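The structure appears right after this line, and notes come after that.
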Amino acid sequence: MIDFPSTIKISFRALKVNLMRTLLTMLGIIIGVGAVIAMLAIGTGAKKKIGDQIASMGSNLLIVLPGSTTSGGLRSGMGSQPTLSLSDSNAILKEAGAVEYAAPVLNGNAQIIYGNQNWSTVVVGTSPSMLNVRDWDLAVGRSFTDEDVRNATKVCILGQTVVDNLFGDIDPIGQSIRIKNIPFIVLGVLSVKGQSPQGQDQDDTIYIPVTTAQKKVFGVSFRGMIRVIMLKAKGTDYLSIAEKQVNELLRQRHHIQQGRDDDFTVRNLTQIMETAQQATVVMTLLLGAIASVSLLVGGIGIMNIMLVSVTERTREIGIRLAVGAKASDIRTQFMIEALILSLIGGVIGIIFGVGGAELISTLAKWETIVTPMSIISAFCFSALVGIFFGFYPAYKASLLNPIDALRYE
Amino acid sequence: MPILETIEISKTYYMGEMELKALDSVSFIINKGDFVSIMGASGSGKSTMMNILGCLDLPTGGKYLLDGEDVSKLNRDQLAEIRNSKLGFVFQGFNLLSRTTAIENVELPMLYNGLHAKERRVKAMEALKMVGLAGREHHMPNQLSGGQQQRVAIGRALVNNAPIILADEPTGNLDTKTSDEIMSLFVKLNTEENITIILVTHEPDIAQYSKRLMRFSDGHLISDTLSGQQ
């Protein structure tokens with residue numbers, strides 16, 4: 001049985017003899033492990049970012065868009081023709097059992113004025129359920145009510161971006177702003193949501209009662225017209241049921257006969273976002289795989305140097321064999337050297353990888369996340385590289401014939 | 001009492017069509033406490049004989065009994081164990097590990113028989129004292145003279161209490177005065193510690209120190225006589 005502490009000491013000494021060579025060999029592993037960790041951190045960061053955005057959208061979301069219509073053989077694009085109405089929204093809430101909340105949306109751009117400040121933003125006419133659909137809380141103040149919707153009151157709640165641009169440090173609650181020159185009272189401010197998955201600033205918005213939007217701000221081309229209906233299903237399992245129920249209900253309400261195309265589209269937003277998240281997982285794996293190639297190259301570097309080392313130290317191997325070292329003792333010694341190279345390289349690589357990920361997040365403003373799992377797997381992987389690429393040189397060393405080895409110049 | 005015995009040992013090398021008999025049916029007995037010199041021209045088979053006696057090589061024919069055990073059929077690892085426990089080697093070129101202190105060189109054989117570090121240190125110190133190098137434990141080989149390096153090598157051969165020391169031209173790289181000192185050390189180890197010593201040399205002066213002289217020529221043992229000063 002070989003004495004491990006002594007063998008490790010011997011290995012360190014052998015590695016110290018050619019310090020420069022040892023460091024350069026390690027560099028291969030350092031870069032490999034560092035790259036794997038940094039790439040995985042970027043990928044995980046991207047995944048989390050999209051995950052957060054999905055969460056900020058609200059969960060179990062369905063969206064009903066007006067469909068394309070055909071008039072005189074000319075087909076207009078999706079959403080070009082408003083076909084949805086407020087009563088559709090109310091009917092869905094009442095009759096589609098799998099739908100928990102429904103919020104109508106009639107939106108448009110408008111210039112907002114407060115005092116001597118002005119700002120252009122998206123004004124969304126909707127109902128109070130919108131906050132439930134989007135899982136959105138108020139930071140301060142209160143929301144408008146169903147009563148406000150019935151009476152088409154001129155009240156609004158503001159996104160944080162609008163508040164920042166119009167009010168600065170002033171408390172906006174109770175203030176009067178002008179939307180398209182119509183005065184509105186600010187009831188509340190929405191909490192900060194950040195970017196949407198499409199990259200839009202979700203906080204750059206104003207919510208007003210949908211009826212107010214219809215009657216006073218934007219006007220409608222038919223009674224009760226809205227652009228979009230946002231729905232929240234009762235749970236993930238209800239998404240497809242809700243989709244089916246809404247489809248049937250709206251076909252019926254819009255008097256669409258069998259075999260004719262829908263004049264609306266129901267989209268499962270959550271599903272779309274999850275697809276996007278799947279894509280980042282694939283991206284993470286791809287980045288990791290590319291980085292792994294450099295780890296592989298580092299491993300080949302170790303094998304190369306170990307082979308050189310075995311040749312250089314043939315005489316030493318001969319002496320060891322002559323005084324009674326077994327083949328396995330020689331093999332163990334060189335395996336330990338390769339392992340030391342790869343493990344120290346691995347540890348330094350982990351430090352560089354974590355540092356690199358940190359640097360990327362500060363320089364590129366891209367969130368990176370180093371998971372303990374990626375550190376552990378990078379460490380194990382570098383050990384594996386050491387074992388795999390150290391084996392052949394060690395095996396070659398152990399096969400040396402003591403007489404030839406002793407005679408080697 | 002025989003410590004090693006060869007029975008019609010042969011070693012044949014094949015080089016393509018050519019057949020080269022390095023050793024041809026060599027038989028002899030060496031007793032415990034013998035001090036044998038092996039002489040012969042180069043190519044006489046003496047080095048091949050040493051390699052076989054040292055369990056570094058196996059004969060292609062015949063039997064080699066070491067301490068009563070037939071070692072000619074052992075595998076690599078079993079041979080390594082025999083080398084470790086029963087044999088000590090001293091080479092012409094010293095064959096010390098460079099960048100390794102004297103005492104660590106002496107400790108080397110004990111690295112492979114499971115001794116604890118402390119025990120190794122103690123035994124290595126004893127061995128160094130025995131070869132007259134006390135106080136030089138932490139010198140590197142390149143800080144030692146040729147004679148001192150050879151003493152370290154002898155210490156390494158002694159450290160596992162091997163009953164046999166095989167020395168292959170141990171004074172080949174040394175001047176006359178140092179050669180005499182090294183040979184005196186061998187004589188001392190032979191007489192005081194009863195260690196069996198077999199050495200290969202081509203210098204008659206060196207062979208003078210031994211009790212017995214074997215001459216090899218063309219793979220045959222041509223003479224085996226008692227000789228030397230004793």
Rounded if a/c is under 1.5, else prolate if a/b is larger than b/c, else oblate: which is the range A:2-51, with a ≥ b ≥ c the root eigenvalues of its Cα gyration tensor?
oblate
So the angle from the long Cα axis of helix B:117-130 to the longest Cα principal axis of chain B, reported in degrees to the nearest 10, equals 80
Over the heavy atoms of A:Thr371, what accessible area does a 1.4 Å probe trace out, to the nearest 10 Å²?
40
Return the carbon/sulfur percentage of the accessible area of the protein assembly as shown, one whole number, probe 1.4 Å, all protein chains in place.
56
Applying the gyration tensor rule to the Cα atoms of the range A:104-233 (axes a ≥ b ≥ c; rounded if a/c under 1.5, else prolate if a/b exceeds b/c, else oblate), the class is rounded
Charge sum, other residues only, whose C-beta stays under 13 Å from B:Asp180's C-beta, Lys/Arg counted +1 and Asp/Glu -1
-2
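Given the DSSP H assignment, sum -39500 (n - 2.57) over each helix run of at least 4 residues in chain A and divide by its residue total; what's the result at 222 nm in deg cm²/dmol, nearest 500? Don't jump to the answer; show the numbers that get you there.
Details: 12 runs with 219 residues, N = 409.
-18000 deg cm²/dmol, from helical runs alone.
Would you list A:Trp136, A:Trp366, A:Trp119 from the most to the least accessible area, probe 1.4 Å?
From most accessible down to least: A:Trp366, A:Trp119, A:Trp136.
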Interface burial for B against A (accessible surface, 1.4 Å probe, total of both chains, Å², rounded to 100)
2300
Interchain or long-range residues, amide H under 5 Å from B:Leu4's placed H
B:Ile30, B:Asp67
Residues of the range A:321-339 with accessible area at least 40 Å² lower in the all-protein-chain context than alone (1.4 Å probe)?
A:Ala322, A:Val323, A:Gly324, A:Lys326
Which one, A:Asn151, A:Asn116, A:Asn90, has the greatest fluctuation when you compute a Gaussian network model over chain A with C-alpha springs under 10 angstrom?
A:Asn116
Local electrostatic count at A:Met273 - Lys and Arg +1, Asp and Glu -1, tallied over other residues with Cβ under 15 Å:
+4
Taking amide H positions as placed in the peptide plane 1.01 Å from N, state which residues far from A:Phe184 in sequence (5 or more) or on other chains have amide H under 5 Å from it.
A:Ile177, A:Arg178, A:Ile179
Those helices of chain A passing the 27 Å axial Cα length cut-off and the mean Kyte-Doolittle cut-off of 0.0 (DSSP H runs only) are A:19-57, A:269-312, A:327-363, A:372-398
If each part is reduced to its alpha-carbon centroid, the range A:88-113 and the range B:20-50 end up apart, in Å, by 105
What whole-number distance in Å separates the alpha-carbon centres of the range B:74-149 and the range A:149-163?
91
Work out the charge dipole of chain A with +1 on the Cβ of Lys and Arg and -1 on the Cβ of Asp and Glu about the Cα centre, then indicate which of A:Ser59, A:Gly219, A:Gln278 is farthest towards its positive end.
A:Gln278
Sum up the charges of everything whose Cβ sits under 15 Å from the Cβ of A:Ile185, counting Lys and Arg as +1 and Asp and Glu as -1, but leave A:Ile185 out.
+1
Per GNM of chain A with C-alpha springs under 10 angstrom, the most fluctuating residue out of A:Asp88, A:Asp171, A:Asp52 is A:Asp171
Show A:Phe12, A:Phe388 ordered by accessible area, largest first, where the area counts protein heavy atoms only and the probe is 1.4 Å.
A:Phe388, A:Phe12
Compute the separation of the alpha-carbon centres of the range A:365-391 and the range B:208-222 and state it in Å as a whole number.
63
From the phi angles alone, apply the Karplus equation (6.51, -1.76, 1.60; θ = phi - 60°) to the range A:99-113 and give each ³J(HN,Hα) in whole Hz, x where the residue is Gly or Pro.
9, 8, 10, 9, 10, x, 10, 10, 10, x, 7, 8, 8, 10, 10
When only C-alpha pairs under 8 Å and at least 6 residues apart count, what is the relative contact order of the range A:104-233, in percent?
36
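The values are calculated or read from the model by the stated rules, or taken from the named source; none is laboratory data. What you are looking at is a predicted structure, and each value in this text was computed from that prediction instead of being measured. Quick reminder, even Gly has a Cβ in these numbers, built from the backbone with ideal geometry, and neighbours come from all protein chains shown. With ligands, DNA and RNA removed, areas are computed over all heavy atoms of the protein, side chains included. Shrake-Rupley method; radii C 1.70, N 1.55, O 1.52, S 1.80 Å.
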